[in-house]
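Scroll down for the structure; my scribbles are underneath it.
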Amino acid sequence: MEIVILAVVIALVVIGALGGLVIGSRKRKQLPPPPPAAPDITAPPAEPHIGDEAETPRDEPRRTIEEVDLPDASATAPVAVEEPPLVEAPPIEVPEPTAGRLVRLRARLSRSQSALGQGLLTLLSREHLDEDTWEEIEDTLLTADVGVQPTQELVERLRERVKVLGTRTPEELRGLLREELLTLLVPDFDRTVNTESGLDTPGIVMVVGVNGTGKTTTTGKLARVLVADGKHVVLGAADTFRAAAADQLQTWGERVGARTVRGPEGGDPASVAFDSVKEGIEESADVVLIDTAGRLHTKTGLMDELGKVKRVVEKHAPLDEILLVLDATTGQNGLVQARVFAEVVDITGIVLTKLDGTAKGGIVIAVQRELGVPVKLVGLGEGADDLAPFEPEAFVDALIGE
């Protein structure tokens, strides 16, 4: 039994020794490798001087700041500094006085309108005024865009007066025709552009019309007319739908010193109109001129927008004047435009542009009869001061000559 126990003990000792050898060998395998030997560090090569190759720096004598020769200041050319160009404001122009403008422009008007007046005088001067002659007189008036009803009235009165007159000298016929044409033009109309407000606010004038009638140009020229009369004017560029309309109006304003209120292109016209009146009140301006968008009169939605502009402006103060701009060369189409605009806003006055070209003077009679409101201004050219207050007497004298 003792021998067996001794054998077991010896076996355990042998097994323990073998286990220790295995564990020791595993630990020796997991030890990190010894660090490498430190490399030999050598000094970097010297930096080369400018213009030198990569050679070893040389010991050179150095000079102090006192020993360095500085350049002569008198011999050095001054450096020219170019200043940015100054943007000069455009010069303020002095518009022509409005009094008598139509008289001064009468020669231009008579050249384009002589067909109507001289044609009527020639027909009335015939020895025998038969039915054919009276029909020619009617045709002349209708061709001049006088309109059917005014033409019939004029011919009827001329028939009666010529019959009573008996003799028809050129002077008598001219005087007769002058009186009848003046009657059709309704000389008693108040043709003053209303720019005076009954409140403590500026006079507010809104200009309406379709594209192509010269609406924005007319607004700019009207600003010149008012400035010539001593008014402080603020312009409202509410035509936000037409490209460059605001720029065009601002240019007109700058020429006479009138400020232009504008908004983003394609913005809300009513908002621009509202701001224009607001700033006109803050500046204590005399007149605020609002150029509205040149809406097509056949589009109901756009005409509704025009009514919105009117309502928004009247939140500040009532409008004192609404001017409808018509192209005098459009004839009956201009009358159609007038009817539609009159249904949307209360037109108080008419501006006829391009009356110096191929226009026929009878459109003045026809449009007044159509709307029941006066022609207050007429455009007689492309010049800045070619917008004139309408004077019936001067107009008729230009038609029939002296």
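A few comments on the model shown:
- Selection over segment 371-401 of residues that are surrounded by fewer than 19 Cβ atoms within 10 Å (Cβ to Cβ) and farther than 24 Å from residue 97 by Cβ gives a count of 2.
- When residue 255 is tested against (1) in contact with a strand residue (DSSP E or B) (Cβ under 9 Å, 6 or more places away or on another chain); (2) closer than 21 Å to residue 93 by Cβ; (3) assigned to a helix (DSSP H, G or I), just one condition goes unmet, and that condition is (1).
- Residue tally, condition touching a residue at least 40 places away in the same chain (Cβ under 8 Å), touching an Asp or Glu at 6+ places or on another chain (Cβ under 9 Å) and more than 14 Å from residue 249 (Cβ to Cβ), over segment 186-207: 10
- Filtered residue count, segment 198-207, keeping only those that are open to solvent by 10 Å² or more (accessible area, probe 1.4 Å) and closer than 14 Å to residue 322 by Cβ: 0
- Verdict on residue 222 being assigned to a helix (DSSP H, G or I), open to solvent by 10 Å² or more (accessible area, probe 1.4 Å) and on the phi < 0 side of the Ramachandran plot: no
- Qualifying residue in segment 344-354 (condition: assigned to a helix (DSSP H, G or I), surrounded by fewer than 20 Cβ atoms within 10 Å (Cβ to Cβ) and either aliphatic (A, V, I, L, M) or modelled with pLDDT under 90 (or both)): yes
The values are calculated or read from the model by the stated rules, or taken from the named source; none is laboratory data. For clarity, every value in this text was computed on a predicted model and none was experimentally measured. Because the Cβ atoms are built from the backbone with ideal geometry, glycine has one as well, and the counts that use them run over all protein chains shown. Accessible surface areas use protein heavy atoms only, side chains included; no ligands, DNA or RNA. Shrake-Rupley method; radii C 1.70, N 1.55, O 1.52, S 1.80 Å.
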